[in-house]
1. Tell me, which helices (runs of 4 or more DSSP H) lie completely within segment B:185-263 with 3 or more residues that are closer than 15 Å to residue B:457 by Cβ and within 14 Å of chain A (Cβ to nearest Cβ)?
2. Can you pull out every residue in segment B:78-127 that is within 30 Å of residue B:145 (Cβ to Cβ) and surrounded by fewer than 13 Cβ atoms within 10 Å (Cβ to Cβ)?
3. I'd like the full set of residues that are surrounded by 12 or more Cβ atoms within 10 Å (Cβ to Cβ), assigned to a helix (DSSP H, G or I) and at pLDDT below 90, limited to segment A:1-55.
4. Could you tell me which residue of segment B:390-414 is surrounded by the most Cβ atoms within 10 Å (Cβ to Cβ), considering only residues that are within 14 Å of another protein chain (Cβ to nearest Cβ) and modelled with pLDDT under 70?
5. Could you go through segment A:127-143 and let me know if any residue there is within 14 Å of chain B (Cβ to nearest Cβ), free of Cβ contacts under 8 Å to residues at least 60 places away in the same chain and either surrounded by fewer than 18 Cβ atoms within 10 Å (Cβ to Cβ) or out of contact with any helix residue (DSSP H, G or I) (no Cβ under 9 Å at 6 or more places or on another chain) (or both).
6. For segment A:150-169: of the residues being surrounded by fewer than 16 Cβ atoms within 10 Å (Cβ to Cβ) and within 14 Å of chain B (Cβ to nearest Cβ), which is farthest from residue A:82 (Cα to Cα)?
7. Out of (1) assigned to a loop (DSSP other than H, G, I, E, B); (2) modelled with pLDDT of 80 or more, the odd one out for residue A:121 is which?
8. Among the residues of segment B:60-73, how many are surrounded by 14 or more Cβ atoms within 10 Å (Cβ to Cβ) and part of a helix (DSSP H, G or I)?
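The values are calculated or read from the model by the stated rules, or taken from the named source; none is laboratory data. The shown structure was predicted, so the numbers you read here are calculated from the model rather than taken from an experiment. Every residue, glycine among them, receives a Cβ derived from its backbone with ideal geometry; neighbour counts consider all protein chains shown.
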C-alpha cells in the first residue's frame, strides 16, 4: 500500500514539474509579445539604425516630442524613455537594445530624482525582465541587486510567474489578448504626450507636496551615479555622442529640492570627464508657465511641443554630423 | 508569521520533518519552540503576555484541582478575571476610554485618562478563550489538570491555531500532545489537500474581492445602490473565504502532523435559517459562547423572555469579542435579534429532514436566500468603519443613481472579475459536495478526476493567488 502511494506521489510530482516547465516555457514566449509594455516593444526592435535615441524616465517620455523632432529634422529618432525608471534599469535596457540596434546620438535625461537615493523604491521593474532572465545581461543586472532571488527566478520553473502573477502572469496575457490598444508606441515613436495643466498653488502647498514627493529620499546615491556613468560609457563604446539633458520643471520647486545645486554641478563634472555635453534647461520658458506643465516636474503636451521646438536648435548639430 | 508567506513555506516543512524525526518525548518541546518562533514573527515582545496568561491558567488549573469548596471557585474567578483583564487592557481600554471621554464631553466634564499607545497582540482573543475553556473544564471536573507545563503551553500556543483558531477544547486537543503520531501518508496528503483548498479560498478569492470591498467601504459615500449591494455580498464571501481559508490551512497543517482540530466552518451560506447559520459559522466560537455564556445564563431552559435575553446578551458580547467598536456590537445585537425573531416564529423555520446540499426544495431556496440576505445586512455593520457609514450604506442600498456605471467601473479590470468567478466555482463544488465536504466528494471520483481537480486548484492558486497583496487575515485583528 505504501509503495503504491510513493509511486503515485512521485508520478504526481513528476507531472507537476513537467507542467510547470511547460507553462514556464510558454509564458516566456508569450509574455514578451505584449506590445502594450514599452520595454517589450523596444526589445522587439532588431537591426535598426537610429540617428538618435532619447533615454530617461517620465520626464523625457512625455517632455521631448520625438515625432516633432523627426518631422523637423527628417531623422530617425526613437524615444526609449521608460516611466518610473532609474539609471540601473535604463542602463540594462540600453545594453539590451544596443545589442540589436545602433544609433549616432544618445539624448540622456538627467534630473534630481534619478540621482537621489530612495526616489525609486526599486531600481528595476524586475518583473518585466523576468521572461528574459536566461539572458546573461539581464541575469547579471538583476542578480547584482536581487541576489538569491534572481537565482530562484532563473532556476526554479515557473517561480517567477507565481512571484509576479499579477504583473506577468496569466492575467496579463488575458488582458493582452483582450485589449485593442496594442501598438500605441509605434505611432508616436515611444513618446507619450500628456494633457492637463498645473493649477496655481500656494507656496505652502508646494512645500507640502515636495516634502511628500521627496520626503527623506534626499541623499545622493553613489550607485545611481555609477549607473549614470555606465550609461554614458556604454554609449561611447557604441560610438555615440551623448547629450545630457535636464528638462524644465515648475521653477518654484527648485528652491525646495535638496541638493539641487550640488547635483547640477555633479552633472557638469560628469559631462566634462566623459567628453559629453550637459544642457540645463531648468530656466526654459516652460518652467515659468503653469499651462505648460501637468504637474511640478513634467511638461504636458503643449509644454513638450514648445520645449522640443527650442531643443531642436541644440540637437540639430548632433544628428547632422 | 503569515500562512501566505515565503517564511511559512520554509517553516512548515522544517517543523513537520522535525516532528516525525524527533523522539516522542521531544516533540512537544519542539512544537513549543516552533510556536514561539511563529508567534514572535509578529511582535516578539508580546510573547511575554502569552507567557503570563499561560502561567496564570496553568497554576489555576492545578490549584483548582487540589482545592475543595469555595476555594476552587476563587481560583477560577481569579483566573478568569486576570485572563480577561489582559484582554480588556489590550483590546478594549481605548474603546472604553473614548466612550467615557465622549460622555464626559457631553456633560462638560474633564476626563483625565489618555489614549493608551498599545497594539493588540495578535490572536489574543483566541488563545485567551482557549485557555479560559481549559480552566472552566477543570473546574467542572470535565478535564483533568495538565501537570506537564510543556504540554499545557503547546495546547495554548499550538502554532496552526494560535492566532485565529479554531478555539479548541482541552478534551479534544490536550491529550493529543501525549500521543505518538506516526507518519501516515494518507493523513499527510489529506492535510495538504485541505491546506491547498484553504490557500485557494484565501489567496484567490478573499484577497481579490477585497480590492472592490475596500474601495467601496473606505469611501461609501461615493457609491450607491448596486455598487453597495455587490460590495456587501463580496464582503460576505471575503470574510468567509478569508476566515475559513485560514481555518482550513490551520486544520490541514495540524492534520499533517497527526493532530485533529475541530471543524470551524461548514458551508454556512447554505444555511436555511439564522440558527443553522450559527451552527455552521465559526463553530468553535459559537459553541464556546453557547457552553460558557449562554448555558450558564440559563440557555433555553427558561422562560421565553429570559431565553431571548440570554440570546441577546450572548450575541452582543460575541459582537464585542470581535472588535472594540460599536459596529461590532450592533452586528452582534442584530444577529441576536434575528435569532429571537426566528425562535418566535420557529414553526416556519423548522428544517427539513433531508439536510444534504444536493436536494433543495423550493422553500429551502427561499430560506437560503432570506438567510443570506439577513446575514449580509449584518455584515454591513461588521465591515463599515463607523455606524454612520453603516447607516449610509443600509439606507442607500436601493438608490440606483449611476450605480450601474459604478459597477461597470469595478469589473472593467480582470483582476476584479476573477473573485466573483471563483466564488461561483467554489459554491458549485460545495453544493455538489454537500455535507461530505469537498475532500469526500473528490475522493469518490476516479484518479483522473481527483488529480485533475488538485492540479487545477494548485495552478489556480499559483496563477491567480495574490501573494503580494499584503492583505492580512481579517480575523487577525480580533
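1. The helices (runs of 4 or more DSSP H) meeting that bar are B:185-199.
2. Those that are within 30 Å of residue B:145 (Cβ to Cβ) and surrounded by fewer than 13 Cβ atoms within 10 Å (Cβ to Cβ): B:81, B:85.
3. Once the filter is applied, which keeps residues that are surrounded by 12 or more Cβ atoms within 10 Å (Cβ to Cβ), assigned to a helix (DSSP H, G or I) and at pLDDT below 90, segment A:1-55 yields A:5, A:8, A:9.
4. Selected residue: B:414.
5. no
6. Only one residue fits best here, namely A:156.
7. (2)
8. Of the residues in that region, 7 qualify.
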